[in-house]
Amino acid sequence: MQKLFLFISCGLLLFCIPISGQQLKKDSLSLVSEIYRNQLKLGKLLSQLEQKSNKKQDASKKAQYSANKDSTATDELSDDPDNKKLARKAKNTAHDAWKDSMNAITQSETLDKLHSDIQSLKHRIENNQAKLNKIKHERPNSTTIDRIQN
């Protein structure tokens, strides 16, 4: 949550940076608003990062536990292959291990996508800030948005 407030405050500071010219160009204003929106999205994604990491770790631990349980059930069945009760138990533990491993894979893919989305947003923010700085340095007379609005 603190990261979200940090990004909101950074976004608000962008409204006070010097912008070139007497009239504010549409593209510079749209860049500022896009940077602000992307920073808000980035804050939301970063706040989800810890939760998704924990889910992935929990799913991995559960998958490992289920695999160990399945291995034990299979060993018991190999000692008495004609026992139907043990066969049913081995079948059920194998199914549970399969479900838990699929869940672990899904959680891992979700976390990877979240990392990818975060990197993509960071890259977009950097590109837009570079464009904004380029617009700012193109004109020698600079004024702030606050002065233009007043």
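Only a single criterion out of (1) more than 13 Å from the chain's Cα centre (by Cα); (2) surrounded by 19 or more Cβ atoms within 10 Å (Cβ to Cβ); (3) at pLDDT below 95 is not satisfied by SER30, namely (2).
Find the residue count for segment 120-131, including only residues that are surrounded by 13 or more Cβ atoms within 10 Å (Cβ to Cβ) and under 13 Å from GLN39 (Cβ atoms). Number of matching residues: 6. Need pairs with beta-carbon distance below 9 Å; first residue modelled with pLDDT of 85 or more and within segment 121-150, second charged (D, E, K, R) and surrounded by 14 or more Cβ atoms within 10 Å (Cβ to Cβ); sequence gap 6+ or separate chains. The qualifying pairs are LEU121/LYS41; ARG124/GLU34; ILE125/GLU34; ASN128/GLU34. Of the residues screened, SER20 is one that is at pLDDT below 60 and under 30 Å from HIS137 (Cβ atoms). When ASP75 is tested against (1) farther than 30 Å from LYS26 by Cβ; (2) touching a helix residue (DSSP H, G or I) at 6+ places or on another chain (Cβ under 8 Å), exactly one condition is not met: (2).
The values are calculated or read from the model by the stated rules, or taken from the named source; none is laboratory data. Nothing here was measured: the structure is a model prediction, and the numbers come from that model. Every residue, glycine among them, receives a Cβ derived from its backbone with ideal geometry; neighbour counts consider all protein chains shown.
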